[in-house]
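Down below is the structure, laid out as structure tokens.
The values are calculated or read from the model by the stated rules, or taken from the named source; none is laboratory data. Remember, predicted model here, so these are calculated numbers, not experimental data. FYI the Cβ positions are ideal-geometry reconstructions off the backbone, even for glycines, and counts take in every protein chain you see. All accessible areas refer to the heavy atoms of the entire protein, side chains included, with ligands and DNA or RNA removed. Shrake-Rupley method; radii C 1.70, N 1.55, O 1.52, S 1.80 Å.
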Amino acid sequence: MSKHDFRWDRFDFLMALSCFILGFLYIRIVFFGQQGLGVTLFALFFIGAVLAYARIKNVKASNESWFWSGVLLVIAASFALWQGNSVSGLRPLLLLVSAIYWVLILTRTTHSGTTSDYLPVDILRGMLILPFSHLHIQYNCLRSFLKGRVKLRSNVFYAVLGAFIASIFIIVAWPFLIAADTGGFQDLLRELNIYPLYIPFIDNQFVLQIILMFPTAAYMFALLAKGVYSGAEADREGSIYRFPEKLRVIPAVTVYTALIILNIFYVVFFITQAPYYVAAFRGVIPEGWESYAEFARRGFFELVAISVLNSIFVAFSHLFITGTGKNAGHFKFLIIILSLCSVFIAATAAARLILYVDRFGLTIMRVLPSVFMVFLTIVFIGVMVKQFKRISVMRLAAFTGALLICLLFIANIEGIVAEYNADRYLEGTLEEFDTSVLWDAGVAGIPASIRVFKESDDPLLRSEIRDNYLKWADIALRETDGTIKDTLQHMSVRRMIEEHRELLGLAAE
């Protein structure tokens, strides 16, 4: 679509301007902040702005777009609810991806207008190709609308743009000029009654954030406007969508041979490991192993890795095979066997995890891979069903993954892990309370730590909790108090510490 295909109106102009605000808030609050109530408020502002723009441009939201907007809202809400140490690096990325994909679904600019087997290609196109190839349209929209309204020479637009850029740099330079002034400049400002001028949101990162605002705003507007103006007429037969078909270059016999060898390999492995698997499912240590720790710890993450490799192999088998023809039944049978092996691997990993948790308690690094194994198990079941019924495994994976991510983000996993271990320790079914769980949980471990401190009769454990963890947590909570990085969890545990400050022996603020 060329620039002449865009019929700009005042609503496009307002959206183009709004993208500057959205771009700055994203860079400052999400990209640089990455936590707290501010991220949730930004997401609400973004969703509201996009829905308003879409409604004005007569883009009707589908049921599927409401599902993905719900996913986006849950991910955004988790920032306001929990600190989320275990997913702190993952949440901002998934917030970005879900926001982009929601816009694609809302404007029906995916390959089929919905979630389909082209999901990875749709996301690639939505994140890179579509917006970056149309970064100029925000500038074109502003220029076109201003020229049409003021009815002056085009130089007026460039003068306004120059004034806007200069004002940005003046705001940035202002604090530095005040700091370097020896008196004359400040005297002039006082005469003009515009001193002192204090801009509280300016900090050391403000200059960089202003610079990044411009490409971010152009990116957002390109994604929105291109989707709104192309919509159902999006190029669904473009070269990027034909790319998967071009990958089908490996003869079927090659894939068959690889599948047969791999299946035989797994069957032999399972037969030789049968005594260990039986022991894992029965919850006992097999002969030759000295401790629960050695048996339970060894192999869990390796089994997770094997499941991932199998999923990649199954995907490549469908993607690269040139055709199955009359031997399609053989291909389906081999895929089913490999999928069954993968499901069995997941069950074995789960048995080892249960054995480990029963003996040593929970850790966050055991929960996250377990959730991922649940996801892979559902995907492999979908792969087996696909051999008999026409379904989209990618669509199943997208919805399953989105729901599991929402559950993971909204459930306060760190707090649950800490509380579980505290319950087990205080009940006497866990020999010792590992305080490393508290550090992994961040402030989410405060309720569990206070319970253990109050009820435990171990002076060394009580001292470690108070003198190390709780003192650190108290300082960390003060740093976020009253800022956009605060969360409801911060507020709750802050009150809890205040209620027990004297009992815990913590210094008053």
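Restricting attention to the stretch 390-462, which GluC sites (Glu not before Pro) occupy a DSSP loop and are surrounded by at most 16 other Cβ atoms within 10 Å?
In loop regions of the stretch 390-462 (DSSP not H, G, I, E or B), the sparsely surrounded GluC sites (Glu not before Pro) are Glu431, Glu432.
Got the relative contact order for the stretch 443-503 handy, in percent, Cα pairs under 8 Å and 6 or more residues apart?
Details: 28 pairs, mean separation 24.9, N = 61.
Averaging sequence separation for qualifying contacts and normalising by length gives 41 percent for the stretch 443-503.
Please compute the modelled spin-label separation between Leu319 and Thr114, points set 7 Å along Cα→Cβ, answer in nm with one decimal.
That separation, rounded to one decimal, is 2.4 nm.
What length, rounded to one decimal in nm, is gained on full extension from Ala258 through to Ile475, with 0.36 nm per residue of separation minus their alpha-carbon distance?
Full extension of this stretch gives 72.4 nm more.
Let me check something: with ligands and nucleic acids excluded, how do Asp423, Asp481 order by accessible area (1.4 Å probe), largest to smallest?
Descending accessible area places them as Asp481, Asp423.
Can you pull out the chymotrypsin sites (Phe, Trp or Tyr not before Pro) in the stretch 354-400 that DSSP calls coil and that have at most 12 other Cβ atoms within 10 Å?
Phe388
Evaluate E = 1/(1 + (r/R0)^6) for Phe269 and Leu403, where r is the Cβ-Cβ distance and R0 equals 30 Å; express this FRET efficiency to the nearest 0.05.
Efficiency, from the Cβ-Cβ distance: 0.40.
What spacing in nm lies between the two simple spin-label points modelled at Phe301 and Asp434, each 7 Å away from Cα in the Cβ direction?
Here the answer is 1.2 nm between the modelled labels.
Please give the per residue accessible area of the stretch 442-509, computed with a probe of 1.4 Å over protein heavy atoms only, in Å².
Accessible area per residue, the stretch 442-509: 53 Å².
Roughly how many percent of the accessible protein surface of the stretch 1-139 is carbon and sulfur, given a 1.4 Å probe and a whole-percent answer?
67 percent
Provide the per-residue ³J(HN,Hα) series for the stretch 499-506, in order, calculated from phi with Karplus coefficients 6.51, -1.76, 1.60 and θ = phi - 60°, each as a whole number of Hz, with x at glycine and proline positions.
Here the 3J(HN,Hα) series is 5, 10, 4, 5, 5, 6, x, 8 Hz.
Please give the Cα centre distance for the stretch 445-472 versus the stretch 258-272, rounded to the nearest Å.
50 Å
Suppose every K and R has +1 on its Cβ and every D and E has -1 on its Cβ; what is the size of the dipole of the stretch 1-155 about the Cα centre, in Debye to the nearest 20?
That gives a dipole near 820 debye.
If you average the sequence gap of Cα pairs under 8 Å that are 6 or more apart and divide by the length of the stretch 1-99, what percent do you get for the contact order?
Contact order relative to length: 33 percent.
Taking θ as phi - 60°, what are the ³J(HN,Hα) couplings along the stretch 473-483 by the Karplus curve (6.51, -1.76, 1.60), each to the nearest whole Hz, with x for Gly and Pro?
4, 4, 5, 4, 5, 5, 5, 9, 4, x, 10
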